[in-house]
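Asker: Dumping the structure here so I can ask a few things about it.
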Amino acid sequence: MTIMQLFQFSTEDACEDYLIRIRWPEGLSCPHCQSKDFGKRKGKTRAYRCLHCHRFLSPTAGTIFHRTRTSLQQWFIALFLVATDKRGLSALFLAEQIGVSYPTAWAMIQRMRHAMLKRDLQYKLSGHVEMDEMFIGAPTEGKKRGRGTEQIPVLVAVSFSPAKDGKEYVGFAKLRAVDTIDAPTIVKFANDVVEKGSTVRSDGYSVYPPLEDHGFIHDRHPVGKQKAHVILPHVHTFISNLRSFVMGTYHGLDETHLQQYLDEFCWRFNRRKRHQEMFDRLLLACLEKEETPFSALT
Ligand SMILES: [Zn+2]
């Protein structure tokens, strides 16, 4: 999706038709009787009537687009901005661009981030994985970020595949903000995001060896003569990119939302080779059912 292609969404109907194509690539299908015959949509409601069982189907039911006062056009611009912005979209900017209040824009961004997380939770890292930990500072409101404020531990896992030429190719990444770094936390993270049987490469930190007892192969490399970035090259490159992302976006936010920023960063990283498809993929992620109550996000 390019900015020029956004012109195709010049009406609400155009947005809705596109949404239907993404959600039902084979065409609208009745969830009750599987019929594909629908009557013309009536009035302003987004409901189509099944010609077979006469029930109504709303293309947005159960998704984050349902029953919001925000139009699909506004949502589509927001999706485009989030899908293409590499630095994390500010709610203030979004509010100005699409003409909604700041809290509405903020909630929209949170919902998109949550959809990204749900999508990424469906995949685990496998094969070869590097794991390490980092710390991210959380400036409290009204305070300037300063040196020495780095405090929230974040666990990092990056998968890679060794090639015949001796090189290693980076695959996907997972991040989790945690309260503390100890062996049980590491094991839980690995269980949640890495397939059993995978090989986990780490430095010599004592929290990693228990992975051996939980179905992982542990490849331990104590930092001795070699520098950490030589031992764990993929995770270190990833961490330095994450640091610049955090520096560019993480201002005046409290730590309760750190995980959502991490999720957004991972989602984008994991799709870095497919940025032409980002819009469609984000739209699809947002169309997944099981809507989280707004209260859970704030
Ligand atoms: Zn039906």
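Asker: Just round it to a whole percent: the fraction of Cα-Cα distances in the range 157-212 exceeding 19 Å.
Answerer: Cα-Cα pairs of the range 157-212 separated by over 19 Å account for 34 percent.
Asker: Among the listed pairs Lys36/Lys86; Lys164/Lys188; Lys86/Lys225; Lys118/Lys273, which have their C-alpha atoms separated by more than 28 angstrom in this model?
Answerer: Among Lys36/Lys86; Lys164/Lys188; Lys86/Lys225; Lys118/Lys273, the Cα-Cα distance tops 28 Å for Lys36/Lys86; Lys164/Lys188; Lys86/Lys225.
Asker: For the range 3-135, rounded, prolate or oblate, judged on the Cα gyration tensor with a ≥ b ≥ c (square roots of eigenvalues), a/c < 1.5 rounded, else prolate if a/b > b/c?
Answerer: Oblate, since a/c reaches 1.5 and b/c is not below a/b.
Asker: Continuing with this model, one more query. Ignoring ligands, DNA and RNA, what percent of the accessible area of the chain is carbon or sulfur (1.4 Å)?
Answerer: C and S fraction of accessible area: 54 percent.
Asker: Based on the mean of other Cβ atoms within 10 Å per residue, sort peptides 119-128, 23-32 so the most packed one is first.
Answerer: 119-128, 23-32
Asker: Rounded if a/c is under 1.5, else prolate if a/b beats b/c, else oblate: with a ≥ b ≥ c from the C-alpha gyration tensor eigenvalues square-rooted, which is the range 162-248?
Answerer: It comes out rounded by the Cα gyration axes.
Asker: Could you sort Glu195, Glu16, Glu96, Glu168 by their accessible area in this structure, using a 1.4 Å probe and putting the largest first?
Answerer: Glu96, Glu195, Glu168, Glu16
Asker: How large are Rg and Dmax for the chain when calculated on the C-alpha trace, in angstrom?
Answerer: 22.0, 73
Asker: Here is a follow-up. Which of the cysteines in the chain are isolated, no other cysteine C-beta under 4.7 Å?
Answerer: Cys with no partner Cβ under 4.7 Å: Cys15, Cys266, Cys286.
Asker: If you count only protein heavy atoms with a 1.4 Å probe, what accessible area per residue comes out for the chain, rounded to a whole Å²?
Answerer: Computed with neighbouring chains in place, this is 54 Å² per residue.
Asker: Please label the shape of the range 1-52 as rounded, prolate or oblate, based on the square roots a ≥ b ≥ c of the eigenvalues of the alpha-carbon gyration tensor (a/c under 1.5 means rounded; beyond that, a/b larger than b/c means prolate, else oblate).
Answerer: Oblate, because a/c is 1.5 or more while a/b does not exceed b/c.
The values are calculated or read from the model by the stated rules, or taken from the named source; none is laboratory data. Note that this is a predicted model, so its numbers are computed, not measured. Ideal geometry is used to build each Cβ from the backbone, glycine not excepted, and the neighbour counts take in all protein chains shown. In case anyone asks, the SASA skips ligands and DNA or RNA and just uses the protein heavy atoms, side chains included. Shrake-Rupley method; radii C 1.70, N 1.55, O 1.52, S 1.80 Å.
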